[in-house]
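The values are calculated or read from the model by the stated rules, or taken from the named source; none is laboratory data. Values in this document were obtained by computation on a predicted structure and should not be read as measured data. Methodologically, a virtual Cβ is constructed for each residue, glycine included, from the backbone with ideal geometry; neighbour enumeration extends over all protein chains shown.
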Amino acid sequence: MRIAYACPACSATVMLDGIEARTVLECTACSAEVAIPDDAIAMETPAAAAASGSRLNRCLVCPSTELFVRKDFPQQLGLAIVVVGLLASCVAWAWHELIVTFAILFATAAIDVVIYLFMPDCLSCYRCGARYRGDGLRAQRGEFNLETHEKYRQQRARSRQIAGR
Ligand SMILES: [Zn+2]
Ligand SMILES: [Zn+2]
């Protein structure tokens, strides 16, 4: 299993591999350590683990137990493809190439869908945004939940307000 998280001490993005075998996460920039709680990664029987992978019970970086499954898809890339497609279709439109215009728009959408389908899933923490990747990684909780997302977004906004005072 791999992790990508923002170091709580220096905010650097830290990427670590093989976290099942570790007891601490160490920042590659400032060496700050985050201890991995004992019960965080549920190791199942070897047969079950081979079939479905290890299970993450909670975030390893912050105390949150709420994780959601998302596509490991760089949003900027998706947006860049759409913008390029729109610009190209505008050019074609200006040249009165109706079929080309729609072909470009259709191709843009198709590329986004294909990339999305082939991108692997990753797990993300609602609270601190840490991301977990690995074969057969499963969350205790499943799909993205807007209510939970909103709860943590408001919490973050409040703590920023308090810090700003
Ligand atoms: Zn650090
Ligand atoms: Zn977290």
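Values as computed for the structure displayed
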read-out	value
Filtered residues of the range 1-12 (kept if surrounded by 12 or more Cβ atoms within 10 Å (Cβ to Cβ) and within 12 Å of ligand 1 (Cβ to nearest atom))	5, 6, 7, 8, 9, 10, 12
Flag if residue 129 is at pLDDT 90 or above, of a type in the set (Gly, Ala, Ser) and part of a loop (DSSP other than H, G, I, E, B)	yes
Residue in the range 55-68 that is touching a strand residue (DSSP E or B) at 6+ places or on another chain (Cβ under 9 Å), at pLDDT 85 or above, in a strand (DSSP E or B) and of a type in the set (Asp, Glu) present	no
Qualifying residues in the range 28-38 (those that are within 15 Å of ligand 2 (Cβ to nearest atom) and either in a strand (DSSP E or B) or not aliphatic (A, V, I, L, M) (or both)) - the one surrounded by the fewest Cβ atoms within 10 Å (Cβ to Cβ)	35
Test: residue in the range 106-116 that is loosely packed, with under 15 Cβ neighbours inside 10 Å and modelled with pLDDT under 85	yes
